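Taking it in order: structure first as structure tokens, then the write-up.
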Amino acid sequence: MRYVLIFVALAALPALIAGSALAYERLQGPTELLYCNKDKAFSGYTLYGVGGRTFLLDMEGRVVHTWPIGTNPHLLDNGNILDASKDDPSGFQGFKEVDWDGKTVWEYTEKREGYAPHHDWVRLFNKKLGAWTTMYIANRSITNEQAIVAGCDPKKGPYRDGQMDAIVEVDMQGNVVWEWWFFDHVVQDVDPAKPNYVGQGKTVANYPGRININMPGRPLKRDWLHCNSIDYNADLGQVVINSVQGEFYVIDHAMTFVAGDPKKSIALAAGPAGDFLYRFGDPARYGQGDPPRVLENWDNATSGHKQMGGAHHVSWIPAGLPGAGHFMVFNNGQYLFERTPQSSILEINGFLDSSGKDTGRYVNPPDAGYTQVRYDKDTHKSPRLISRQVVWSYQSTNNHGFFSHIGSSGQRLPNGNTFICSDTEGHFFEVTAAGELAWEYINPVTRDGAVKVLGDVLPMTNSVFRAFRYAADHPALKGRDLTPKGTITERAAQGLDVQPRRRPPGDGPQGNGGGQERRGKGGQGGGRGGGNRDDRPPRDDQREK
């Protein structure tokens, strides 16, 4: 565990103000508020879900409100929480909306055979429909026969349990009003007699708007793309969806939606109008860039033109904020063949061309070009080619200081700062545009209760999928009672919110040490800081969560 910490007495933590922050390696440390520079942090309230409960904290880490649901909570403008019906973002059957008092006011269950909702969703106002709808990611099953007919290489089959992600939109009555599916936008270069063939004299590189169904080294399988985040841009009428493999894709919703005619809408979304408007992250996937590879001498590697891997939480920066209209994505830093994987936050302007001009339209990233970035020799990081469309990024100076192999989120704040959730370690922090730390917090909730000190434990022990900061004047918070009611650990000691069952690793006097036995017990925390993760059957691609 490596965090940016302040060297002060633990008793003073709740009242921390600006000081000298240093990064260092440690095996045991405090949870909850670590640092707050009141002059540079964006004042507001932090929201996150863990262990089936959503917490709203003030700037000093004190609870001001909770909701009795908490997996990947989405705060709505009316103060309600929209969340998964099950405490596991990687798989559930539907959604539940609860009001400020925790009363269920809306539910939806996906009952269709072959559909498996997972990871993310968004509540949006559909202008054409003139009504609120909910859009979500769902894996759709593909039979071996369907796969072969679509052009999957028979030599790589049979294709058992194949799935590709879809985006489903339902109205408040639970009716499907629009749907888009990756399977309708595939291309293949294996069999000229099959649909989706590239055509004579062409290659997959001629079709950046479609996905190669015979992706090298990745034949169709269960949870093939593992998409994990979705966002909707009401001004553009577009949807962006992110795959953990290291790409995100932009789709036209406005031009494929017909009010009152779901059948026609779905047909339009399945046709050429539903092809990708833009994709970013790994041009080798469509034959327009070099993939990561180990170099000849084996002790070094290159990331090629791949920009991100294991990525999560793609979103548009909202109007009115610095960088409005740009994409922001959490690059976990997986699959890049770096000596020391390191996570980062990327801000991307997809309209930039090779001269740096904002064209007002999407530019294919390889056409915009790349810049070689070199790192300090003490990081032992190899030079990388970074897209010229990346206009801002953050990563810790110490390349061992910030890394999450799973989940996580990034959010642009009104003052230009960026709020970050590093899932693996339950680590939330806010940085300025210059990368200076402004606020920092460690989630104290583990599967075994809330702890004030966390020791040498396995990753995911206190994990949090995402976290966000909201201004005091946010519509959801106006007129609400936001009186501080104590920190999470203080409330847990009173039997509120979190019920500890046994002492987790490291929650003892400093110097007790973890040891292999204690580390093993820590691993049982698993899941999402108290979820049902190890109640699920093992997955063949569990590592890609």
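Some points to look at:
- Projecting the Cα positions of HIS185, VAL244, GLY455 onto the charge dipole of the chain (unit charges on Cβ atoms of Lys, Arg, Asp and Glu, taken about the Cα centre) puts GLY455 furthest along the positive direction.
- In terms of packing, defined here as the mean over residues of other Cβ atoms within 10 angstrom, the peptides 336-344, 408-416, 359-367 line up highest first as 408-416, 336-344, 359-367.
- FRET efficiency, THR340 to ALA234 (Cβ-Cβ, R0 25 Å, nearest 0.05): 0.05
- Within the set [x] 1.26; [y] 1.06; [z] 0.96, the number that Cα Rg over 2.2 N^0.38 Å takes when calculated for this structure is listed as [z].
- Packing-based exposure ordering (other Cβ within 10 Å, fewest first) of MET255, MET460: MET255, MET460
- Among the trypsin sites (Lys or Arg not before Pro) in the stretch 462-502, those placed in a DSSP loop whose Cβ has at most 10 other Cβ atoms within 10 Å are LYS478, ARG501, ARG502.
- Stretching the chain fully between TYR197 and GLU25 yields a gain of 56.6 nm (0.36 nm per residue, less the alpha carbon separation).
- Ordering 441-453, 98-110 by mean Cβ neighbour count within 10 Å, with the highest value first, yields 441-453, 98-110.
- Normalising the average separation of contacting C-alpha pairs (under 8 angstrom, six or more residues apart) by the number of residues puts the relative contact order of the chain at 14 percent.
- Selected from ALA41, ASN139, MET255, residue furthest toward positive end of dipole (the chain; charges at beta carbon): ASN139
- Long-range HN-HN contacts of TYR35 with modeled amide H, under 5 Å: GLU440
- Charging the Cβ of each Asp and Glu at -1 and of each Lys and Arg at +1, and nothing else, the dipole of the stretch 2-544 about its Cα centre rounds to 520 debye.
- When the C-alpha to C-alpha distance is required to be over 20 Å, the pairs from LYS86/LYS111; LYS156/LYS221; LYS357/LYS381; LYS128/LYS264; LYS96/LYS264; LYS156/LYS202 that qualify are LYS357/LYS381; LYS96/LYS264; LYS156/LYS202.
- ³J(HN,Hα), Karplus 6.51/-1.76/1.60, whole Hz, each residue of the stretch 482-495, x for Gly, Pro: 10, 5, x, 10, x, 6, 4, 5, 5, 5, 4, 5, 9, x
- Simple spin-label estimate for THR397 and ASP481 gives 4.6 nm between the two label positions (7 Å along the Cα-to-Cβ direction from each Cα).
- Set of lysines with alpha-carbon distance to LYS377 below 24 Å, sequence-local pairs under 8 removed: LYS306
- Residue order, fewest to most beta carbons within 10 Å, for PHE42, PHE182: PHE42, PHE182
- The protection proxy used here, the mean number of other Cβ atoms lying within 10 Å of each residue, ranks peptides 277-284, 153-160, 228-235 as follows, highest first: 277-284, 228-235, 153-160.
- CD proxy at 222 nm, helix term only [per DSSP H run n ≥ 4: -39500 (n - 2.57); per residue of the chain; nearest 500]: -1500 deg cm²/dmol
- Annotation: extensible slack from SER43 through LYS221 equals 59.5 nm (criterion: 0.36 nm per residue apart, minus Cα-Cα distance).
- Among TRP67, TRP121, TRP392, TRP298, sorting on how many other beta-carbon atoms sit within 10 Å of each Cβ, with the fewest leading, yields TRP298, TRP392, TRP67, TRP121.
Taken together, the values in this text are just the output of simple stated rules run on the coordinates, not laboratory data. What you are looking at is a predicted structure, and each value in this text was computed from that prediction instead of being measured. Using ideal geometry, Cβ is built from the backbone for each residue, glycine included, and neighbour counts are taken over all protein chains shown.
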